[in-house]
Amino acid sequence: MDKKSIIGLVIIGAILIGFSYYNNRQMEKYQKEQAAIDSVARAKMPKDASKQAALAAQDQLQKENAINDSLEVAAISETVGATMATAVRGTEEFYTLQNDRVKVVFSNKGGRIASVELLKYKRYNGDKLVLFTPERSQFDLNLFIGQSISTSRFYFQPVNVAKNAAISSTDSVKSAAFRLYTDASSYIEYVYTLKKGSYMVDFKVNFVGLERKLPSNMTSLDISWAMDAPQQEKGFKNENNYTAISYKFPGEEGDMEELSPMKDAVSEKVTTKLQWVDFKQQFFSSILVAKNSFTSGDLAQTTHKPDSGFVKNFKATLQVPFTAATKNLDFSFYFGPNLFNELKKHDLGFEKVVPLGSWIIRWINRWVVIPVFDMLESHIASFGIIILILTILIKLVLFPLTYKSYLSMAKMRVLKPEVDQINAKYPKKEDALKKQQEVMALYRKTGVNPMGGCLPMLLQLPILFAMFKFFPASFELRQESFLWADDLSAFDSILKLPFEIPLYGGHVSLFTLLMAVSLYLTSKINMGQMADTNQQMPGMKFMTLYMMPVMMLLWFNNYAAGLSYYYLLSNLITLGQTYIIRQTVDDEAVHAKLKENSKKPVKKSRFQQKLEEMAKQQKRR
């Protein structure tokens, strides 16, 4: 190719690129102008015209739905039969089963549970506590009968079901049944049974006369369950932190897992058997249990915006074993509070949804804190007083460790002048190892363990973490008031701010503020006890004295007031204990005891002897 041809190709390419760029710019300009014209036209449009446009759009949508219905009816009529095809159209009606605890509303459309109200509880604003509504929930059986069928699309026929059936004092159980006929002698039947004084709803699915209609190679059946969880508590952020899909593997000791509540959107495919799936809110659960386990499941949840009135959207697609010869499937629902003892009595592992922590933390809550709390609750009406007594009991149990920690810090404090002399003896950085060896030799000589103050504090951490888990999960604190807090399970706002502070929020929680102040005072006094023995770690001192109270203030502002109240009490009692111990521990007597210890021969461990031998060998070299 000669030089002129190359130049020509370059010019042609430049022209094409330039034209394309110019054309795109013109198109963008046209679209912006058109958008502006449309916007002005909409603004100038009379209200009546706007209404007419909306009505026209609605009519068009109804026509499209009618056409789709007709096509679907024709398809079902051809593949399944005319009987089932007629069930595509109908009028939605609702039926109710109710006992003293729960009101369950059923819809003939899909034969599903459309809504559940818990009668003994209210939302934070006093409204009825409804776990989910007909418009915001879905329940489907998906199977193949000539074509793919989703039961929520069809209108079931109620069988001897009253519009409102309440269990009276003479009743022990009531049932509601709904049938979807595929022809005159075959149908799918849902039977719901509610017992007196129970949060459980038994759910049986019967398949009558469907053997010849179902594929012979069918091995499983899909169940689709979804709902939007309404906001039930005052604090969206705190409630969201405890709202998530939970599920348990089969068996008494089967583990429970949970999708992360902290993520805005999360999904998980479970390929192993599941015993139950829980659409868990902070204090309430909607649990679907399979008698013979689900074979697998696809689970997903997304978080709603704080002002939407909802917390999360839950979706679960679950598989159950199913063949053409299957006559029935047994399930059950639990719709009720996350009360540990209430959940435990069903013997299905429901109590595992209560977030009490893991390992030793859960053990402390399960076998120590909950029994003591329940015992106090049975005798005392005020939960503020219960928390006070519980805190005092915990502090009394931990007092020996607290005393030992203080005594260890007192020993370090009285030895500080001698430590300062060693520091003055080795001012150079290159002598840091020698300085450290002499300090450690002083401690060994006087019988002081530099970690003696830390170990007792570390042993108290499991109790601290157990309380951190217990109070936000304690259903008993829900809507219980104390002093200025109207709900110990939510934040105690005394001032609503006109703006949002990042990490803090738009309100001031007084218990949290007082807790942060008490933490600062406790840390300051502890620092004073140590007489600046930790001055070699100024960063640690700053973190403990200033950063921790500020971090706790930011972190706990949206947490349960009961938790901040507990930590406030704990800090105040610690201050009191510190004052009492300080009056009983004589620094001069402690120092004299250490001097006496220094006169005794130092017992060296084999490890210490080896270290000294290694040090001597290094000097010889």
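The values are calculated or read from the model by the stated rules, or taken from the named source; none is laboratory data. If you're wondering where the values come from, they're calculated on a predicted model, not measured in any experiment. Here the Cβ positions follow ideal geometry from the backbone for every residue, glycine too, while neighbour counts run over all protein chains shown.
Table: residues versus (1) surrounded by fewer than 17 Cβ atoms within 10 Å (Cβ to Cβ); (2) modelled with pLDDT of 95 or more; (3) closer than 18 Å to Phe154 by Cβ; (4) β-branched (Val, Ile, Thr).
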site	(1), (2), (3), (4)
Phe178	no, yes, yes, no
Tyr199	no, yes, no, no
Asn206	yes, yes, yes, no
Arg212	yes, no, no, no
Leu221	no, no, yes, no
Ser224	no, yes, yes, no
Pro230	no, yes, no, no
Pro261	no, no, no, no
Asp264	yes, no, no, no
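Is there any pair with a first residue in the stretch 349-372 that is closer than 23 Å to Phe249 by Cβ and a second that is basic (Lys, Arg) and in a helix (DSSP H, G or I) whose Cβ atoms are under 7 Å apart and which are 6 or more apart or on different chains, and what are they?
Taking only residues 6 or more apart or on different chains, the pairs are Glu351/Lys344; Pro355/Lys469; Leu356/Arg362; Leu356/Arg366; Leu356/Lys469; Gly357/Lys469; Ile361/Lys469; Asn365/Lys469.
Checking Asn423 against (1) of a type in the set (S, T, N, Q); (2) in contact (Cβ under 8 Å) with a residue 24 or more places away in the chain; (3) assigned to a helix (DSSP H, G or I), which test does it fail?
Unmet for Asn423, out of (1) of a type in the set (S, T, N, Q); (2) in contact (Cβ under 8 Å) with a residue 24 or more places away in the chain; (3) assigned to a helix (DSSP H, G or I): (2).
Asn365 is checked against (1) closer than 13 Å to Glu476 by Cα; (2) buried (at least 18 other Cβ atoms within 10 Å of the Cβ) and fails just one. What number does that condition carry?
(1)
Taking Ile392, is it in a helix (DSSP H, G or I), surrounded by fewer than 19 Cβ atoms within 10 Å (Cβ to Cβ) and in contact with a strand residue (DSSP E or B) (Cβ under 9 Å, 6 or more places away or on another chain)?
It is false that Ile392 is in a helix (DSSP H, G or I), surrounded by fewer than 19 Cβ atoms within 10 Å (Cβ to Cβ) and in contact with a strand residue (DSSP E or B) (Cβ under 9 Å, 6 or more places away or on another chain).
Go through Leu401, Leu415, Leu433, Leu376 for me and flag whichever is under 24 Å from Gly562 (Cα atoms), assigned by TED's automatic domain parsing to the domain that holds Tyr565 and of a type outside the set (Asp, Glu).
Values: Leu401 fails: under 24 Å from Gly562 (Cα atoms); Leu415 fails: under 24 Å from Gly562 (Cα atoms); Leu433 fails: under 24 Å from Gly562 (Cα atoms).
Going through Leu401, Leu415, Leu433, Leu376 in turn, just one is under 24 Å from Gly562 (Cα atoms), assigned by TED's automatic domain parsing to the domain that holds Tyr565 and of a type outside the set (Asp, Glu): Leu376.
For the stretch 373-389, enumerate the residues that are under 25 Å from the mean Cα position of the chain (by Cα) and either part of a loop (DSSP other than H, G, I, E, B) or touching a residue at least 40 places away in the same chain (Cβ under 8 Å) (or both).
Hits for the stretch 373-389 are Phe373, Phe383, Gly384, Ile387.
Quick one: which of Lys411, Lys425 is crowded, with 19+ Cβ neighbours inside 10 Å and closer than 30 Å to His591 by Cα?
Step by step, each of Lys411, Lys425 is checked, and only Lys411 is crowded, with 19+ Cβ neighbours inside 10 Å and closer than 30 Å to His591 by Cα.
Counting just the residues of the stretch 119-135 that are within 21 Å of the chain's Cα centre (by Cα) and not β-branched (Val, Ile, Thr), which one comes out nearest to Tyr334 (Cα to Cα)?
Leu131
Hey, can you tell me all the residues within the stretch 189-223 that are in a loop (DSSP other than H, G, I, E, B), of a type in the set (S, T, N, Q) and under 27 Å from Asp298 (Cα atoms)? Give the derivation first.
Filtering the stretch 189-223 for residues in a loop (DSSP other than H, G, I, E, B) gives 196-199, 209-219.
From what's left, of a type in the set (S, T, N, Q): 198, 216-217, 219.
Selection gives Ser216, Asn217, Thr219.
Could you list, in sequence order, the residues of the stretch 194-221 that are within 36 Å of the chain's Cα centre (by Cα) and more than 29 Å from Asp171 (Cα to Cα)?
Residues satisfying the conditions are Thr219, Ser220, Leu221.
Among the candidates Thr170, Thr182, which residue alone is of a type outside the set (Gly, Ala, Ser), over 35 Å from the mean Cα position of the chain (by Cα) and outside any strand (DSSP E or B)?
Answer to the check: Thr170.
Is it fair to say Leu119 is surrounded by 21 or more Cβ atoms within 10 Å (Cβ to Cβ), touching a strand residue (DSSP E or B) at 6+ places or on another chain (Cβ under 8 Å), part of a strand (DSSP E or B) and not hydroxyl-bearing (Ser, Thr, Tyr)?
The answer is no for Leu119.
Could you figure out which of (1) over 30 Å from Tyr121 (Cα atoms); (2) touching an Asp or Glu at 6+ places or on another chain (Cβ under 6 Å); (3) of a type outside the set (S, T, N, Q) isn't true of Tyr426?
(2)
Please state which one of Phe154, Phe144 is farther than 18 Å from Asp228 by Cα, out of contact with any strand residue (DSSP E or B) (no Cβ under 8 Å at 6 or more places or on another chain) and of a type in the set (Phe, Trp, Tyr).
Exactly one residue qualifies, and that residue is Phe144.
Can you go through Lys237, Lys315, Lys269 and tell me which one is surrounded by fewer than 21 Cβ atoms within 10 Å (Cβ to Cβ) and farther than 30 Å from Leu143 by Cβ?
Lys237
Quick check on my filter: what residues within the stretch 125-161 are of a type outside the set (A, V, I, L, M, F, W, C) and either assigned to a strand (DSSP E or B) or touching a helix residue (DSSP H, G or I) at 6+ places or on another chain (Cβ under 7 Å) (or both)?
Correct list: Lys128, Ser137, Gln138, Asp140, Asn142, Gly146, Gln147, Ser148, Ser150, Tyr155, Gln157, Pro158.
What helices (runs of 4 or more DSSP H) completely inside the stretch 460-571 contain at least 2 residues that are surrounded by 15 or more Cβ atoms within 10 Å (Cβ to Cβ), at pLDDT 90 or above and of a type in the set (S, T, N, Q)?
It comes to 510-529.
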